[in-house]
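Trainee: Below you'll find the structure I mean.
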Amino acid sequence: MSKRVSITINNHIADVRLSRPEKMNAIDEDMFQGIIKAGEELNANPSIRCIVLSGEGKSFCAGIDLANFDISNPNNISKAKLKPRTHGIANKWQKVAWQWREMSIPVVAAVHGVCFGGGLQIMLGADIKYITADAKLSIMEMKWGIFPDMAGTVLMRHSVRDDIIRELTYTNRVFSGEQAVEYGFATHISSNPHADAMKLATEIASKSPSAIVKAKKVLNAAPYLNPAEGMLLESAEQEELLMEHNQVEAVFSSMQKRDGNFKDYRE
């Protein structure tokens, strides 16, 4: 695995850590590539049923490493080409955040310390987020004369109130983990986010993997569909689950009060 991302797999759970602690996990080119590679490999591995995403050291992620850019002479900075879609519906910069949302399986983020800019957008890609009360977050991009463009504007809008998004985007104001939960950026306050994330991942991994994958697929699509389309998709995906091995096993293992013997699953 990339020197910027570490992965430990145990009991169907992938413990994924941004691994550049000496730079508060700031994102350089190696980390961009490492995160994308990690996501692709995990999504292709049907034995993985849940992912816990965290950062090593004192922080989750401080955002883009400005050392990537030579700012000694502004005339030497070339304009990035962002419109080409190089990774599905995304470009490279969007992929590192968006891939966690489009991942077939649930992703639980464990956030502490600093979570700025690109780091915040990576966090937003997770399904569920545990965060320390004293974590520091910011939609930092306005400080540099830009706005969030790593899928953040898409990821925020279904969980955070519109006027809050606008205020924090326009001002790049720093806010706390406690406020992040209040605003809708994060899910739960935790004194030990990684431990709580792993505990939840263990619970998720004990469920029927095919039902989890289908549930995430439908939940991802629901905000973009009208009611008729949403209910049709719900019915179609449920129909595929009914009376298949994992669905039957879920019923019998529950009734018999034992762990389920589920088959690995990817669509």
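The values are calculated or read from the model by the stated rules, or taken from the named source; none is laboratory data. A quick note: this is a predicted structure, and the numbers were derived from the prediction, not measured. So basically every Cβ, Gly included, is an ideal-geometry build from the backbone, and we count neighbours across all protein chains shown.
Trainee: Residues in segment 1-24 that are out of contact with any helix residue (DSSP H, G or I) (no Cβ under 7 Å at 6 or more places or on another chain) and over 17 Å from residue 125 (Cα atoms): how many?
Mentor: Total meeting the criteria: 9.
Trainee: Restricting attention to strands (runs of 3 or more DSSP E) lying wholly within segment 101-213, give those where 1 or more residues are touching an Asp or Glu at 6+ places or on another chain (Cβ under 9 Å) and in the same structural domain as residue 241 (by TED's automatic domain parsing).
Mentor: none
Trainee: Let me spell it out: the conditions are (1) assigned to a helix (DSSP H, G or I); (2) touching a Pro at 6+ places or on another chain (Cβ under 9 Å), and residue 236 meets all of them except one. Which number is the exception?
Mentor: With (1) assigned to a helix (DSSP H, G or I); (2) touching a Pro at 6+ places or on another chain (Cβ under 9 Å) applied to residue 236, the lone miss is (2).
Trainee: Is there any pair linking a residue in segment 178-201 that is in contact (Cβ under 8 Å) with a residue 24 or more places away in the chain and among the polar types (S, T, N, Q) to one that is assigned to a helix (DSSP H, G or I) and surrounded by fewer than 21 Cβ atoms within 10 Å (Cβ to Cβ), with Cβ under 8 Å and at least six apart or on different chains, and which?
Mentor: Matching pairs, first to second residue: 187/181; 190/196.
Trainee: Just checking, which of 109, 80, 97 is farther than 23 Å from residue 60 by Cα and of a type in the set (A, V, I, L, M, F, W, C)? Steps first, please.
Mentor: On the way: 109 fails: farther than 23 Å from residue 60 by Cα; 97 fails: farther than 23 Å from residue 60 by Cα.
After applying the criteria, what remains is 80.
Trainee: In the set 212, 122, 204, which member is modelled with pLDDT of 95 or more and touching a Pro at 6+ places or on another chain (Cβ under 6 Å)?
Mentor: The match here is 204.
Trainee: Working carefully through the options 238, 256, find the one that is in contact (Cβ under 8 Å) with a residue 24 or more places away in the chain and either closer than 30 Å to residue 156 by Cβ or not hydrophobic (A, V, I, L, M, F, W, C) (or both).
Mentor: 238
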